[in-house]
Amino acid sequence: MTANYQILTKKQNDTFCWIPPVDLTYVAGQPLLPIHAGELAAVASTMPLAIAQHDGQWQLMAVAGLQPQHNLFVHQGQWVGRYQPRSVATYDFDLHTVGNLSFLRFNLNGKLAAAADQPGAQPLMNADGSLIPAVQAIQDQLQKDSPLFARTQKAVQALVDADVLMPWPAALTEQLGMKLDGLYCLNEAALATLADQDFLGLRQAQALGIAYAVNLSLQQGHLLLRLQKHNPAIDAPADVDALFGEGLGDDDTLKFNF
């Protein structure tokens, strides 16, 4: 379903409602999660990364699944990975900026949205138009993260404009059984032939570190295979030590060439 983000306003304080999350079930169907460059090291060492289109923009994404509507890192409502991307906590909210002003928006088509008369529904705002504490905490995090996401998106767009991206290697997608389309990484051969001025532009946009991190992170694809084996469905028991510890068998060893 297409996202429908609406600015939270005092005039509609009694119509914007949600069912406050008690776990992470609301992102269980999200195999791609946006991240910003400040998370790059933590995510690249625990999850594969990709550059992909999201909400109409090219963005840096953590790859959390192998097929649409299935996040392998969410099991029985809990995150089973070593690092949880920051966008998880703010999913279905964003900041809309006009000049120096920022407005909190909520996705009325998201998993958390609810009709006012729906059982368990609660307003996002108080009668005076102020945000309830849980939503205020989300806005506070977005105010910290949004500038980082904006700079990351600018760097990613520079890579797109420089035409130095390519789809994930076919050998990798075949070994993973990847059913998600539109996952891109750095084409190092294209980068090597880039004109000096264009290369400098990527460096100035702080895009090179992101590009190389994406390629290095692809080795983390073995975690998706492991999660698929040990956590294929929400009613299957998850042994986190088994998922992320030692003992990876030969069947899970990724071998591919760019």
Relative contact order, percent, the chain [alpha-carbon distance under 8 Å, six or more residues apart]: 27 percent
Label-point gap, in nm, between residue 143 and residue 15 - each point 7 angstrom along Cα→Cβ: 2.7 nm
Alpha-carbon centroid distance for the pair segment 129-180 / segment 196-210, whole angstrom: 19 Å
Order of 124, 202 under a 10 Å beta carbon neighbour criterion, fewest first: 202, 124
Dipole magnitude of the chain, debye to nearest 20 (Cβ charges: Lys/Arg +1, Asp/Glu -1, about Cα centre): 460 debye
Likely footprinting exposure, 39, 188, fewest C-beta neighbours within 10 Å first: 188, 39
Ranked list, fewest to most other Cβ atoms within 10 Å of each Cβ, for 212, 184: 212, 184
Long-range amide H partners of residue 132 with built H, under 5 Å: 125, 126
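All of the numbers you see were taken from the coordinates with simple rules; none came from a lab. Note that the structure is a prediction, hence the values are computed from the model and not measured. Quick reminder, even Gly has a Cβ in these numbers, built from the backbone with ideal geometry, and neighbours come from all protein chains shown.
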